[in-house]
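To keep things clear, I will list the structure first and then write my remarks on it.
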Amino acid sequence: MMTIGSVSLALAGLLVVVASLAHLACIAIGARAYRFMGAGERMARAVEAGKLKPTLITLVIASVLFVWALYAFSGAGLVPELPFTEVALCLISAVFLARAIAFPWLRPSFPENSTTFWLVSSGICLVIGLLYAVGVAALWSVR
């Protein structure tokens with residue numbers, strides 16, 4: 001039987017896999033996808049110019065997100081336990097929550113990103129961060 005913690009972490013993991021795949025889709029589709037996702041004109045133009053940097057940045061983000069999803073699935077008991085799962089889940093939750101809350105301070109560093117990008121991505125980060133937090137708190141309460 002899945003507990004609220006397991007369900008929360010499984011849902012978080014699923015959302016993070018979707019986010020990882022969305023990043024990979026940007027690489028596959030190209031500049032049009034970067035623009036649609038709100039990554040900014042500078043990033044889209046770099047893709048159009050054949051620069052490697054946007055692809056590498058996007059691959060790193062997609063890879064990190066995939067690993068974070070694996071940790072969520074590990075905490076949910078859907079995959080074998082990974083090293084430092086509880087610590088990792090706490091840190092991942094903190095990163096997502098910090099990203100959600102800190103967008104007003106981050107935004108000036110990325111002026112090309114659209115307002116829609118900041119609002120949507122911050123909202124998604126808030127939901128995912130809360131799912132990780134609920135999951136890890138529920139797991140701790142049964143131990």
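Quick notes
- Residues (surrounded by 15 or more Cβ atoms within 10 Å (Cβ to Cβ) and among the aromatic types (Phe, Trp, Tyr)) located in region 61-99: PHE66, TRP68, TYR71, PHE73, PHE96
- Subset of region 89-102 (residues that are in contact with a Gly (Cβ under 7 Å, 6 or more places away or on another chain) and either in contact (Cβ under 8 Å) with a residue 40 or more places away in the chain or not in a helix (DSSP H, G or I) (or both)): LEU89, SER93
- For the criterion of being out of contact with any Cys (no Cβ under 6 Å at 6 or more places or on another chain), under 26 Å from ILE29 (Cβ atoms) and of a type outside the set (Lys, Arg), SER122 passes.
- Residues that are crowded, with 21+ Cβ neighbours inside 10 Å and either under 15 Å from SER93 (Cβ atoms) or in contact with a His (Cβ under 9 Å, 6 or more places away or on another chain) (or both), drawn from region 44-60: THR58
Okay, residues lined up against (1) surrounded by 17 or more Cβ atoms within 10 Å (Cβ to Cβ); (2) assigned to a helix (DSSP H, G or I); (3) without any contact (Cβ under 8 Å) to a residue 60 or more places away in the chain:
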residue	(1), (2), (3)
SER8	yes, yes, no
VAL17	yes, yes, yes
CYS26	yes, yes, yes
ARG32	no, yes, yes
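- Of the residues screened, LEU82 is not one that is among the hydrophobic types (A, V, I, L, M, F, W, C), in a loop (DSSP other than H, G, I, E, B) and touching a residue at least 40 places away in the same chain (Cβ under 8 Å).
- Subset tally (residues that are outside any helix (DSSP H, G or I) and within 15 Å of the chain's Cα centre (by Cα)) for region 103-143: 0
- Subset of region 43-70 [more than 17 Å from LEU15 (Cβ to Cβ), in a helix (DSSP H, G or I) and aliphatic (A, V, I, L, M)]: MET43, ALA44, ALA46, VAL47, LEU56, ILE57, LEU59, VAL60
Coordinate-derived values only; no laboratory data. Keep in mind the model is a prediction, meaning the values are calculated, not measured. So basically every Cβ, Gly included, is an ideal-geometry build from the backbone, and we count neighbours across all protein chains shown.
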